[in-house]
């Protein structure tokens, strides 16, 4: 119970402290997602005149980019912040007996709040634009859950190793930069060479983003077979990450 209360308090503090001291305070939690959504739609749709191949809709490409960027932002931010969470919270770890893996939960919860607010504005725009929703939208919670579960497993592994090798935090930042451009978020996969397309299915972020694109943009079913494979891989990764952490937990606490 103590851990749950602490995680919730850390989540609230993490979310609210971003805007401490500002005049608008908590309102920025809604203004920033609104600004970002507006920029994506206006810049890519109106100003740059981006068009999605095979679609005449003025906002099709803007929606394509937005529904790829939002989950990527949650995924990458969760991984990046989780990587250094043990170091960032070492003052708390030394004072309170707490399960270290549970610390990653407050980061995921905080990013989830931001994601939900952003999706709220996106849905509002889609409704204004007479967007047609389909039954596959009910699968979005599962896709997001799988996405954050993957981030948790990845983050637990890097958080454990970062305690001993501080450079891992920087390596993760570099990896995320390359990972972003290797994932079809601002471009469509059809423009890629055939050789790259074949290995794209091994990119977990591609599977996740592709599911969002199919549900929002193309009105089709998500890639069920790839999602099932990713679900298995994610749970295996969490198992390996947890075994690694348990093996090194005493050393982790000593190094902190």
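The values are calculated or read from the model by the stated rules, or taken from the named source; none is laboratory data. Just so it is clear, the structure is predicted and the values come from calculations on it, not from any experiment. When we count neighbours, we look across all protein chains shown, and the Cβ atoms used for this are built from the backbone with ideal geometry, even at glycine.
Before moving on, here are some points about what is shown:
- Among all positions in segment 197-209, there is no residue which is within 15 Å of the chain's Cα centre (by Cα) and free of Cβ contacts under 8 Å to residues at least 12 places away in the same chain.
- All positions within segment 108-143 that are within 19 Å of the chain's Cα centre (by Cα), more than 18 Å from residue 33 (Cβ to Cβ) and surrounded by 14 or more Cβ atoms within 10 Å (Cβ to Cβ): 139, 143
- Of all residues making up segment 144-154, the number that are under 29 Å from residue 31 (Cβ atoms) and surrounded by fewer than 19 Cβ atoms within 10 Å (Cβ to Cβ): 1
- Residue within segment 74-88 that is more than 24 Å from residue 214 (Cβ to Cβ), surrounded by fewer than 17 Cβ atoms within 10 Å (Cβ to Cβ), at pLDDT 85 or above and over 16 Å from the mean Cα position of the chain (by Cα) present: yes
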